[in-house]
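Colleague: The structure that follows is given in the form of structure tokens.
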Amino acid sequence: MKRVNLTDPTFTYDTDDPDGFHSGMVRLGPDLGAQQTGTSLYELPPGQALCPYHYEYGEEEWLLVVSGRPTLRDPDGTQQLAPDDVVFFPRGPEGAHQIRNDSDTTVRVLMWSTVIAPTATVYPDSDKVAIWTGNREDDVVVQRSSKVGYWHGEDG
């Protein structure tokens, strides 16, 4: 069996992430050979968030607080989490969430989920929908308000 140790991970930071969304990530699934589930360890510096407030239509997600005290925003409001807290995010609007670090120390969280493609993610604050196809060339992020009818652009 393959294994990893999370004691001293090497985090990757995406330089394209805007301020407020800088987080380090270690994707564990590919290194361990997972195909139907994904697991990532995230490092959140003070003042940063993992991603915008969102919910998934295809995937269930879980969160385990490894260290620090992240803030969870969900449909019921915000709450501060503590080490060893576990949170489950169901599919759909009731599973909407955002993880932020409003503290003055670095936070680490482990997240895992099913991996489904195609799938859709909704970002209510910015009125966006993302369709993730499994093929980057076909993935799309659009404003929900830009939707067109089913037959739009079809010649009959």
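The values are calculated or read from the model by the stated rules, or taken from the named source; none is laboratory data. Treat the numbers as computed from the prediction; the structure is a model and nothing was measured. With ideal geometry, Cβ positions are generated from the backbone for all residues, glycine too; neighbour counts draw on all protein chains shown. Ligands, DNA and RNA are excluded from the accessible area calculation, which covers all protein heavy atoms including side chains. Shrake-Rupley method; radii C 1.70, N 1.55, O 1.52, S 1.80 Å.
Colleague: Need pairs with beta-carbon distance below 8 Å; first residue within 16 Å of Ser113 (Cβ to Cβ) and within region 59-72, second modelled with pLDDT under 95 and open to solvent by 30 Å² or more (accessible area, probe 1.4 Å); sequence gap 6+ or separate chains.
Modeller: What qualifies is Glu59/Thr114; Glu59/Val115; Glu59/Ile116; Glu60/Thr114.
Colleague: Something else about it: Which residues, taken from region 18-45, are hydroxyl-bearing (Ser, Thr, Tyr) and over 22 Å from Asp104 (Cα atoms)?
Modeller: Correct list: Thr37, Thr39, Ser40.
Colleague: May I ask you to verify whether Asp102 is modelled with pLDDT of 95 or more, within 23 Å of Asp14 (Cα to Cα) and either in contact with a helix residue (DSSP H, G or I) (Cβ under 6 Å, 6 or more places away or on another chain) or exposed (fewer than 14 other Cβ atoms within 10 Å of the Cβ) (or both)?
Modeller: no
Colleague: Determine whether Gly95 is modelled with pLDDT under 95 and either under 23 Å from Ala120 (Cβ atoms) or β-branched (Val, Ile, Thr) (or both).
Modeller: It is false that Gly95 is modelled with pLDDT under 95 and either under 23 Å from Ala120 (Cβ atoms) or β-branched (Val, Ile, Thr) (or both).
Colleague: Does region 1-38 hold any residues that are open to solvent by less than 40 Å² (accessible area, probe 1.4 Å) and outside any loop (DSSP other than H, G, I, E, B), and which are they?
Modeller: Within region 1-38, Gly24, Val26, Gly29, Gly38 qualify.
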